[in-house]
Amino acid sequence: MSSHTKFITLVAVALAVSFLTLSTQALSSESHKAEKPKTSEIPKNYDTPKYFVPPPPFSEGIFPCSDCHEDMDVNPERRELEDEHVEISEMFNHASDQRWCLDCHNPDDRDVLRLANGDLVSFEESYNLCGQCHGTIFRDWKAGIHGKRTGEWNGRKQYRLCVHCHNPHSPKFKAIKPLPPPNNPLEIKYKKLSDEEIPRNPLGNIQ
Amino acid sequence: MKKKTSSKSQPKPITRRNFLKGTAAGAATLAIPVGTSDASIWQSFFQKHFQEMSKAEMAEVIKRMEKEYAKKYKTSFNIKTTGALPDTLFGYGLDLSRCIGCRRCVYACVRENNQSRDPQIHYISVLEFEKGHKWVSDLEEADKYYNPEEVPEDGHFYMPVQCQQCENPPCVKVCPTKATWKEPDGIVVIDYNWCIGCRFCMAACPYGARRFNWGEPQIPKEELNPKTHYLGNRPRYKGVVEKCTFCIQRVRDNPGKYPACVEICPVGARKFGNLLDPKSEIRYLIENKRVFRLKEDLNTSPKFYYFFAT
């Protein structure tokens, strides 16, 4: 692929993604009285392009945050949360001596994140938030070295948000169960098996 | 059709290996089942070397092979013969500072590449080392049967090993039938119809990356991957050698997909790209990270780069 067509693909992808976001927002804002700036209209000073990523891994029903927060007063005080987000408050372990929720979440509109310089960032681009404190990792991420990209090695690539792998509130990568070890060659005894007897792949079928 | 023969009297598919065995015994004709009129058996004998076939000959071979597989596996296979892309030399990167030894790559590879489930064939071996251990020189000391509740285990690190796609591959040099060779995009491939199963290549490989089909490969029908390449994941035969091909059936498309192991890795430790493209992730990591290649002193010049992101 020439760099020219690559560029066109990128633009097309970016357009498609922003169109999708716009249209879903248009839909959801109909049910809301208050007019809010659309994510794409948020003024910003950072110059990172928008990367193609899967949707943010929100728990079901939590977004838009404004469903609850619109009519709530902001409580900037550092505290144990009791009425909501109790788990987050309990697990919170991310330079937590010096930081609190509102260092990342925008107090005035909970549906977006906020950088230290006041710029607002959508959840689809939360890498910009992480990037302000983890600059070296962010640079590697953009190059496809930290985190991962899938899709086409010489074409369209999909990134993963930092939060697809790191819980922003307790970001240490969690240990997981390994898949089974290989058979020891000493234990191999070959016999003809019926289809049902053949061991299945622990990952299941190819999609 | 009334076809109720017992498996014994069924004509065995003839491979070049059986054929040579027959010849060696001075009774070549015995290798051909008596009374077989199936022309495809004869055609498979006289099949030319893959690199010497014309387009038309290749199409013939593929058509015959797809028919044979359909009959044997009751599934219709697609066998591509896509050649190397121009200006492409594939390279692979593996971040040892991220790998947690979870073995997702091992089984994604098995599934993508139609490896036999029993006898079990894995292209990727994940080795576990104790931190601080003298390791690179000493792969045999590692444990590949580790099985704790969770990985990573404290005080350990992990190193997956698979075909290193050497620029200077010792396995190719020793093959007596030219059944294995290096393609223009750097992938070392095997023609399973030319392999006679002598296993010289396995002895020559310093990385233990080649696998032998001791028995007829067995794969559950619903787990077969029908999207194959002649030089890659098409079903193998008993008595032939196989190994990682960087998922040749995926990466040679244009645009090409990442290998299955890259796509599944949950920590993003696996990187893949074109060594000739200065903007590729593989070039970025070679230029910006600490990298090494396994057993560099052997002058095999692998295109598989281990690196440390941190």
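The values are calculated or read from the model by the stated rules, or taken from the named source; none is laboratory data. For clarity, every value in this text was computed on a predicted model and none was experimentally measured. Quick reminder, even Gly has a Cβ in these numbers, built from the backbone with ideal geometry, and neighbours come from all protein chains shown. The accessibility values were calculated without ligands, DNA or RNA, using every heavy atom of the protein model including side chains. Shrake-Rupley method; radii C 1.70, N 1.55, O 1.52, S 1.80 Å.
Tabulated data
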read-out	value
Whole-angstrom Cα spans of the range B:173-310 along principal axes, big to small	45, 39, 26
Table column - 3J(HN,Hα) (Hz), the range A:163-178, Karplus curve with 6.51, -1.76, 1.60, x for Gly and Pro	6, 6, 10, 10, 5, x, 8, 7, x, 4, 4, 7, 5, 10, 6, x
Whole-Hz ³J(HN,Hα) from phi, Karplus 6.51 cos²θ - 1.76 cosθ + 1.60, for the range B:78-95, glycine and proline x	10, 10, 8, 10, 3, x, 5, 6, x, 6, 10, 9, 6, x, 10, x, 10, 8
Electrostatic dipole magnitude of the range A:36-176 [Cβ: Lys, Arg +1; Asp, Glu -1; Cα centre; debye, to 20]	1200
Along each principal axis, Cα extent of the range B:176-237, largest first, Å	35, 28, 22
Residues of the range B:215-236 buried by at least 40 Å² on assembly (accessible area, 1.4 Å probe, chain alone as reference)	B:GLN218, B:PRO220, B:GLU222, B:GLU223
Residue-normalised accessible area of the range A:36-176, given per residue in Å² at a 1.4 Å probe	60
Rough spin-label spacing in nm, given labels placed 7 Å along Cα→Cβ, for B:GLN120 and A:GLU90	3.8
Sequence-distant residues sharing a close amide H with B:PHE272 (under 5 Å, placed H)	B:GLY93
Positive-pole candidate from A:ILE62, A:PHE173, A:MET72, dipole of the range A:36-176, charges at beta carbon	A:PHE173
B:GLU222/A:ARG139 FRET efficiency (R0 30 Å; Cβ-Cβ; nearest 0.05)	0.10
Listing of the range B:251-265 residues, each with accessible area lower by at least 10 Å² in the full protein assembly than in the chain alone (probe 1.4 Å)	B:ASN254, B:PRO255, B:GLY256, B:LYS257, B:TYR258, B:VAL262, B:GLU263, B:ILE264, B:CYS265
For the range B:47-310, the fraction of alpha-carbon pairs in successive 10 Å shells from zero, as %	7, 30, 37, 21, 5, 0
Scaled radius of gyration (Cα, divided by 2.2 N^0.38 Å) that the range A:36-176 gives	1.09
Solvent-accessible surface (1.4 angstrom probe) belonging to A:ASP111, in square angstrom, nearest 10	10
Antiparallel bridge percentage (DSSP; both residues within the range B:47-310; nearest 5)	75
Under the Debye formula (equal points on every Cα, no solvent term), log10 I(q)/I(0) of the range A:101-165 at q = 0.13, 0.19, 0.29 Å⁻¹	-0.40, -0.75, -1.23
Separation in nanometres of the label points that stand 7 Å from Cα toward Cβ, at A:LYS174 and A:ARG99	1.9
Rg to Rh, two decimals, where the range B:135-254 supplies the alpha carbon set and Rh follows Kirkwood	1.00
B:ASP143 long-range amide H proximity, modeled H, under 5 Å	B:GLU128
Of all accessible heavy-atom area on the range B:47-310, the percent that carbon and sulfur account for (1.4 Å)	52
B:ASP143 accessible area, 1.4 Å probe, all protein chains in place, Å² to nearest 10	60
Chain pair A, B: total accessible area buried, heavy atoms, 1.4 Å probe, Å²	4700
Residues whose placed amide H lies under 5 Å from that of B:LYS80, excluding near-sequence neighbours	B:THR228, B:HIS229, B:TYR230
Order of exposure, largest accessible area first, which applies to A:ARG78, A:ARG139, B:ARG252 with probe 1.4 Å	A:ARG139, A:ARG78, B:ARG252
Rounded to whole Hz, the Karplus (6.51, -1.76, 1.60) HN-Hα couplings of the range B:100-108, x for glycine and proline	10, x, 7, 6, 4, 4, 4, 7, 5
